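Novice: Quick one: structure below, then a few questions.
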Amino acid sequence: MARVLTNTLMCSPRLQILDLTGADLERFQLSLISLPSLVKLNFNHCDEFSDPMIKKILKCCPSPKSLHLKSCEIKGETFPELSLNYVPQLEYLDLSDCMKLTDAGLIEILKKFGNNLKVMDLCYTNITGEGFARSHFGFSPNLRHLDLGECKWLTDVGFFSIFTKLGHKLRVLITSNACFTGEMFTEKILFQEQVDLEHLAMERCQAISDLVLVAMLSKLGKNFNSCRSRMQSFQDEAYCMTTTPRD
């Protein structure tokens, strides 16, 4: 089967979408394949897909716009061998449920893939976010959608650092069932100018108090229009507060 698919791909240079969900990638002869027109790659649930596989894939598919790596063995820590902005066209990156992904690895991934990135899914990963506090690199200036749902190891320092480094142009931020308290939002100035976040999802974030949620919402911009928090009654109050025209 792998040989047949390899031969098929060798004869498909104009292919734009490739879905290999759950495939045994070790059987493919990637060095024989060239897919310069490919824009969407799906390797979800490919157990063999680890850091070294990235470079092999990008040699045969150099310009993807969408890369799906859910439940793969990605760590990100061996990415330094790739040049900065290695995949400048990439707009969508799914790393959800990549349990081996580290904070240092995530930063390396963003250095190589993040320049034009618009959507990133990190839900169900073990990142703490604290690597962002230690790095001065300019991350993902075009990021619009960030999913941190179910990131149980996300810390206050980590979340605040991610928000300050990635949040300037975010439109959607999802942190459902995370465990950070958000207290740093009541203590620090977030940005000199308010951000343009439109939707904030914080369901089941039990550690966040009403006071903290109000402090977070007060720092959001005029385009903010939707907040899903742990209590519907408070959501309604927060929604009214943030959609009231500012002087």
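Novice: Of all residues in the range 110-150, count the ones that are more than 10 Å from the chain's Cα centre (by Cα), closer than 20 Å to residue 71 by Cβ and either aromatic (Phe, Trp, Tyr) or outside any loop (DSSP other than H, G, I, E, B) (or both).
Specialist: Total satisfying the criteria: 2.
Novice: Could I ask something else about it? Determine which single condition residue 82 fails, assuming it passes every other condition in (1) crowded, with 22+ Cβ neighbours inside 10 Å; (2) closer than 24 Å to residue 137 by Cβ.
Specialist: With (1) crowded, with 22+ Cβ neighbours inside 10 Å; (2) closer than 24 Å to residue 137 by Cβ applied to residue 82, the lone miss is (1).
Novice: Could you give every pair whose Cβ atoms fall below 9 Å, whose first residue belongs to the range 195-210 and is within 9 Å of residue 173 (Cβ to Cβ) and assigned to a loop (DSSP other than H, G, I, E, B), and whose second residue is open to solvent by 40 Å² or more (accessible area, probe 1.4 Å) and basic (Lys, Arg), counting only separations of at least 6 or pairs across chains?
Specialist: Once the first residue is within 9 Å of residue 173 (Cβ to Cβ) and assigned to a loop (DSSP other than H, G, I, E, B) and sits in the range 195-210, its partners that are open to solvent by 40 Å² or more (accessible area, probe 1.4 Å) and basic (Lys, Arg) give 197/171; 202/228; 202/230.
Novice: Pick from 161, 176: which is within 17 Å of the chain's Cα centre (by Cα), outside any helix (DSSP H, G or I) and small (Gly, Ala, Ser)? Break it down stepwise before answering.
Specialist: Values: 161 fails: outside any helix (DSSP H, G or I).
Being within 17 Å of the chain's Cα centre (by Cα), outside any helix (DSSP H, G or I) and small (Gly, Ala, Ser) holds for just one of 161, 176, which is 176.
Novice: Can you tell me which residue in the range 143-182 is farthest from residue 104 (Cα to Cα), limited to those that are open to solvent by 30 Å² or more (accessible area, probe 1.4 Å) and aliphatic (A, V, I, L, M)?
Specialist: Among those that are open to solvent by 30 Å² or more (accessible area, probe 1.4 Å) and aliphatic (A, V, I, L, M), it is 172.
Novice: For a quick check of your reading of the model, give me the residue pairs whose first member lies in the range 134-160 and is at positive phi, whose second is open to solvent by less than 10 Å² (accessible area, probe 1.4 Å), with beta-carbon atoms closer than 7 Å and at least 6 apart or on different chains.
Specialist: 140/110; 140/114; 140/117; 140/166
Novice: Please enumerate the residues belonging to the range 54-77 that are open to solvent by 70 Å² or more (accessible area, probe 1.4 Å), of a type outside the set (Asp, Glu) and part of a loop (DSSP other than H, G, I, E, B). Even if it seems obvious, please write down each step before you answer.
Specialist: Residues of the range 54-77 that are open to solvent by 70 Å² or more (accessible area, probe 1.4 Å), as a first pass: 56, 59, 65, 70, 75, 77.
Then keep just the ones that are of a type outside the set (Asp, Glu); that gives 56, 59, 65, 70, 75.
Answer for the range 54-77, where residues must be open to solvent by 70 Å² or more (accessible area, probe 1.4 Å), of a type outside the set (Asp, Glu) and part of a loop (DSSP other than H, G, I, E, B): 65, 70, 75.
Novice: Hey, could you check the range 206-247 for residues that are touching a strand residue (DSSP E or B) at 6+ places or on another chain (Cβ under 7 Å) and open to solvent by less than 20 Å² (accessible area, probe 1.4 Å) and say which is modelled with the lowest pLDDT?
Specialist: Taking the candidates together, the pick is 242.
Novice: Still on this structure: Residue check: is residue 87 assigned to a helix (DSSP H, G or I), on the phi < 0 side of the Ramachandran plot, without any contact (Cβ under 8 Å) to a residue 60 or more places away in the chain and not hydroxyl-bearing (Ser, Thr, Tyr)? Talk me through it step by step, then tell me what you get.
Specialist: Working: assigned to a helix (DSSP H, G or I): no; on the phi < 0 side of the Ramachandran plot: yes; without any contact (Cβ under 8 Å) to a residue 60 or more places away in the chain: yes; not hydroxyl-bearing (Ser, Thr, Tyr): yes.
No, not satisfied.
Novice: With 203, 187, 150 as the choices, which residue is under 28 Å from residue 102 (Cα atoms) and modelled with pLDDT under 80? Steps first, answer last, please.
Specialist: Values: 203 fails: modelled with pLDDT under 80; 150 fails: modelled with pLDDT under 80.
Result: 187 is the single residue among 203, 187, 150 that is under 28 Å from residue 102 (Cα atoms) and modelled with pLDDT under 80.
The values are calculated or read from the model by the stated rules, or taken from the named source; none is laboratory data. If you're wondering where the values come from, they're calculated on a predicted model, not measured in any experiment. Cβ sites come from the backbone with ideal geometry, for glycine too, and all protein chains shown count toward neighbours. Calculation scope for accessible area: heavy atoms of the full protein, side chains included, ligands and nucleic acids excluded. Shrake-Rupley method; radii C 1.70, N 1.55, O 1.52, S 1.80 Å.
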